[in-house]
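Undergrad: Sharing a structure with you now.
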Amino acid sequence: MGPAFAHRQRVRFGETDLQGVVYYANYLLYAEVGRVAFLRQLGVEYERDLLARGVDFTIGEARVRYRAPLRFDDEFDIRVQVGEIRQSSWSLEYAIDRADGQHCALVTTVQVMLDRASSRPTRIPPGLREILDRARQAAA
């Protein structure tokens, strides 16, 4: 993953399992933390830019590839960049790396835009598409 937004976190005890490593499903929670922080850094305000315009998004697909474990109290970065942008969906790619540089997981999510009234897929609003395009180009 090239230049990307990064958000630093620390593993909390409750995120680990009996083996002392981060429980596998928590990597999707880390992706959500990264997604929210990334969109905020891009200037996207959920209420103003989505809900007030009658749209929202849901996660249509999520994939995680595990490479190395994270353990209690490890510091790690959630790096985020925009992947493919389609008519009604876009992907985000995340690298979850320990602070010492160890690559721990790669995550991809596909966000699908929804019309709030019908709950049906709809086109990405032009303003949001422009923001996503700029972020994608900046990371290329």
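The values are calculated or read from the model by the stated rules, or taken from the named source; none is laboratory data. Keep in mind the model is a prediction, meaning the values are calculated, not measured. Every residue, glycine as well, gets a Cβ built from its backbone with ideal geometry; the counts of neighbours run over all protein chains shown.
Undergrad: Restricting attention to the stretch 69-122, which residues are within 14 Å of Tyr30 (Cβ to Cβ), charged (D, E, K, R) and part of a loop (DSSP other than H, G, I, E, B)?
TA: Hit for the stretch 69-122 is Asp74, nothing else.
Undergrad: So, one more: Restricting the stretch 123-135 to residues that are out of contact with any helix residue (DSSP H, G or I) (no Cβ under 7 Å at 6 or more places or on another chain) and buried (at least 17 other Cβ atoms within 10 Å of the Cβ), which is farthest from Tyr30 (Cα to Cα)?
TA: Looking at residues that are out of contact with any helix residue (DSSP H, G or I) (no Cβ under 7 Å at 6 or more places or on another chain) and buried (at least 17 other Cβ atoms within 10 Å of the Cβ), I get Ile124.
Undergrad: Now a separate question. Limited to the stretch 48-87, what total is found for residues that are under 28 Å from His103 (Cα atoms), touching a Ser or Thr at 6+ places or on another chain (Cβ under 7 Å) and among the hydrophobic types (A, V, I, L, M, F, W, C)?
TA: 3
Undergrad: From the list Arg116, Arg98, pick out the single residue that is in contact with a Leu (Cβ under 9 Å, 6 or more places away or on another chain), modelled with pLDDT of 95 or more and surrounded by 14 or more Cβ atoms within 10 Å (Cβ to Cβ).
TA: Exactly one of Arg116, Arg98 is in contact with a Leu (Cβ under 9 Å, 6 or more places away or on another chain), modelled with pLDDT of 95 or more and surrounded by 14 or more Cβ atoms within 10 Å (Cβ to Cβ), namely Arg98.
Undergrad: Also: Of everything in the stretch 4-30 that's without any contact (Cβ under 8 Å) to a residue 40 or more places away in the chain and touching an Asp or Glu at 6+ places or on another chain (Cβ under 7 Å), which residue is surrounded by the most Cβ atoms within 10 Å (Cβ to Cβ)?
TA: Asn26
Undergrad: Among (1) touching a residue at least 40 places away in the same chain (Cβ under 8 Å); (2) touching a Cys at 6+ places or on another chain (Cβ under 8 Å), there is one condition Val55 misses while meeting the rest; what is its number?
TA: With respect to (1) touching a residue at least 40 places away in the same chain (Cβ under 8 Å); (2) touching a Cys at 6+ places or on another chain (Cβ under 8 Å), Val55 is out only on (2).
A quick yes/no check of all residues on (1) at pLDDT below 95; (2) β-branched (Val, Ile, Thr); (3) out of contact with any Leu (no Cβ under 7 Å at 6 or more places or on another chain); (4) surrounded by fewer than 16 Cβ atoms within 10 Å (Cβ to Cβ):
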residue	(1), (2), (3), (4)
Gly34	no, no, yes, no
Leu39	no, no, yes, no
Asp49	yes, no, no, no
Val64	no, yes, no, no
Ile78	no, yes, yes, no
Glu93	no, no, yes, no
Val112	no, yes, yes, no
Gln137	yes, no, yes, yes
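Undergrad: Would you confirm, using the coordinates I've provided, whether Val82 is surrounded by 15 or more Cβ atoms within 10 Å (Cβ to Cβ), more than 18 Å from Arg129 (Cα to Cα) and free of Cβ contacts under 8 Å to residues at least 60 places away in the same chain?
TA: no
Undergrad: Go through the stretch 104-140 and count every residue that is farther than 30 Å from Ala68 by Cβ and of a type in the set (Ser, Thr, Tyr).
TA: Residues meeting the conditions: 3.
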